[in-house]
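What follows is a set of notes on a single structure, which appears directly below.
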Amino acid sequence: MSENDRQTLAEAFNREIDPLANHATTFDGVDVDVFGLFMDDVLKPQDPSQGTLDSYDRTIREWREFMSDQGRHPACPHEDHVKRFIRRELDEKGNSRRTTKKKLWELNKIYKYWQNGAEFPHPMDYNPFMIAKKKMSLSTKRVKEPPRIPVEDLQDIVADVKHIRDRAFIVTQLKLGLRASEMANIKISELNITNSEVEKHYPDMGSSPHVARFDNAVYIPHDRQGNKSQRPRVLPVDEELRRLWMNYLLIRPDNNESWLFLSRTNHTQVDDEAINLTWKRHFHPEYKETQQHRAVTSHYGRHRFTTFWRVEQDVNRELIKYMRGDTSAGGTTDPAGGIDHYIHSYYEDIEPLYRKRIYKLGV
């Protein structure tokens, strides 16, 4: 659900989407250690071990520091703050899921104390720690990693794909990191590739205002049914992908459908299943699920794309978030957020970097 949808529902039912925001400045003006109250009223009477006390002290200190960076009193979080705290623990600090879950458990216990105290404004029907925990997987069960397939091997696999539409599926997802649903949802009006023959055949191509001023680019919306990204983005179409799409468009069925990719059977919008079957057809059995790795499916392109830019190219995380369609670290529900609220990425920031570095697949 998009933030606009959440806000619409909140307004319809006279609810606050960020119910503690208005209390943050009040807490800032009150000289009371709300964490110390928990320690004195709840934890210390239980005669905890020194290790338990140290653990709570460390978690509280880290939470205070994090929320200070967010520009919000630590007793007034929104679920987005908790989600960002979780991501920082896992991605930036390299903590395990088990360690992160323990910190959330401690913070949630403190939050419940505030909820039950008549002197606190925390509503009983809103717990950002529980909401964030349910929305973000912190299972300690081992999740299999996708296999590492070198670019050279990907080139060999792509070369063996003879059907031009199937090759376009695989190359597009590897080149742009799109989900299958996002690729199926591309409209011809939202891509702008420079080729006189194609432009003549598809007069609506590039007519979307999102790409009209960008040569060789494609627009990926965030609010189309099936698209899961949290913000829209424009992505470059490099020379390899431009040639591949150009060749596909010249043999694509001419039936006035607005979608770029059509099914083989009824020539309507292709679905996720057809895209996924294409990947399985060309990557299995060699890359089926094993005891060590998950199976390669259509989502592999998104994993490979992200790993390439973050691990192999060491590109700034905010630029990768833009290319993936992730929200920036600042989020949208905290207008008075910390420094991350003022960091923004645009197509112009990633376009030259992308064109210079994106891997070549030999198409």
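The values are calculated or read from the model by the stated rules, or taken from the named source; none is laboratory data. All figures in this text were calculated on a predicted structure; none of them were measured in a lab. Here the Cβ is made from the backbone with ideal geometry for all residues, glycine too, and neighbour counts use every protein chain on show.
Here are the numbers for this structure:
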{"read-out": "Residue match in region 344-362 (condition: in a loop (DSSP other than H, G, I, E, B), modelled with pLDDT under 95, surrounded by fewer than 15 Cβ atoms within 10 Å (Cβ to Cβ) and not assigned by TED's automatic domain parsing to the domain that holds Asp238)", "value": "yes"}
{"read-out": "Candidate set: region 249-302, residues that are buried (at least 19 other Cβ atoms within 10 Å of the Cβ) and basic (Lys, Arg); chosen: the one nearest to Ile188 (Cα to Cα)", "value": "Arg252"}
{"read-out": "Any hit, region 46-66, residues being within 17 Å of Lys112 (Cβ to Cβ), loosely packed, with under 11 Cβ neighbours inside 10 Å and not acidic (Asp, Glu)", "value": "yes"}
{"read-out": "Test for Asn192: is it surrounded by 14 or more Cβ atoms within 10 Å (Cβ to Cβ) and in the same structural domain as Tyr56 (by TED's automatic domain parsing)", "value": "no"}
{"read-out": "Selection within region 267-280 - closer than 12 Å to Phe169 by Cα and either touching a residue at least 24 places away in the same chain (Cβ under 8 Å) or in contact with a Phe, Trp or Tyr (Cβ under 8 Å, 6 or more places away or on another chain) (or both)", "value": "Val270, Asp271, Asp272, Ile275, Asn276, Thr278, Trp279"}
{"read-out": "Odd one out for Asp254 among (1) of a type outside the set (Gly, Ala, Ser); (2) outside any strand (DSSP E or B); (3) modelled with pLDDT of 95 or more", "value": "(3)"}
{"read-out": "Filter pass, Leu250 being within 28 Å of the chain's Cα centre (by Cα) and not hydroxyl-bearing (Ser, Thr, Tyr)", "value": "no"}
{"read-out": "The listed residue being in the same structural domain as Val198 (by TED's automatic domain parsing), at pLDDT below 95 and over 27 Å from Tyr322 (Cβ atoms), out of Gln230, Gln292", "value": "Gln292"}
{"read-out": "Residue match in region 195-210 (condition: at negative phi, crowded, with 19+ Cβ neighbours inside 10 Å, out of contact with any helix residue (DSSP H, G or I) (no Cβ under 6 Å at 6 or more places or on another chain) and touching a residue at least 12 places away in the same chain (Cβ under 8 Å))", "value": "yes"}
{"read-out": "Selection count where residues are in contact (Cβ under 8 Å) with a residue 40 or more places away in the chain and assigned to a helix (DSSP H, G or I), scope region 12-24", "value": "3"}
